Amino acid sequence: GVDDPHVFISSGENVRLPCNNALPDCKSTTWNYEKNSSTVELIALGIKKKDIERHERLSLGSDCSLNIKNIIKEDYGIYTCRQYVNDKQQGADARVFLH
């Protein structure tokens, strides 16, 4: 929506995408990436997916933010942070538009 944060970053830089973390740890945090109507799960329940090409550039911050090193133009798109407790979503999705 209109209130979602937009982050503008240049290729080669590092970026930290915030999550509206309402939980004491990140074991229930999922980060998804969306571009051209397809969605890729980057982090599932606090664990990086190994089968995506950029996984070595991704890390979770202590506040469940998503850190991406050495941005490339293929990284641009919409990132969504979602948190669960006992399979029940906590709070609203945190969406960030990376340009």
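Eight or more residues apart or on different chains, and alpha-carbon atoms under 17 Å: count the Lys pairs in the chain matching that. Lysine pairs satisfying the spacing and distance rule in the chain number 8.
Per-residue packing, averaged as other Cβ atoms within 10 Å, sorts the ranges 9-18, 78-87 into the order 78-87, 9-18, beginning with the highest. Could you point to the residue in HIS6, ILE72, LEU98 farthest towards the positive end of the chain's charge dipole, with +1 and -1 charges on the Cβ of Lys/Arg and Asp/Glu respectively? The residue sitting most towards the positive pole is ILE72.
Using the alpha carbons alone, the radius of gyration of the stretch 9-64 stands to its Kirkwood radius in an Rg to Rh ratio of 0.96. Heavy atoms of the protein chains alone define the surface here; on that basis the chain has 59 Å² accessible area per residue at 1.4 Å probe size. Measure off, as a whole percent, the carbon and sulfur share of the 1.4 Å-probe accessible area of the stretch 15-87, all protein chains present. The C+S portion of the solvent-accessible surface of the stretch 15-87 is 50 percent. In the chain the Cα-Cα distances spread across 10 Å bins starting at 0 as 16, 53, 28, 3 percent of all pairs.
The values are calculated or read from the model by the stated rules, or taken from the named source; none is laboratory data. Note that the structure is a prediction, hence the values are computed from the model and not measured. Positions of Cβ are generated from backbone atoms using ideal geometry, with glycine treated the same way; all protein chains shown enter the neighbour counts. Keep in mind that these areas ignore ligands, DNA and RNA; they rest on the heavy atoms of the full protein, side chains included. Shrake-Rupley method; radii C 1.70, N 1.55, O 1.52, S 1.80 Å.
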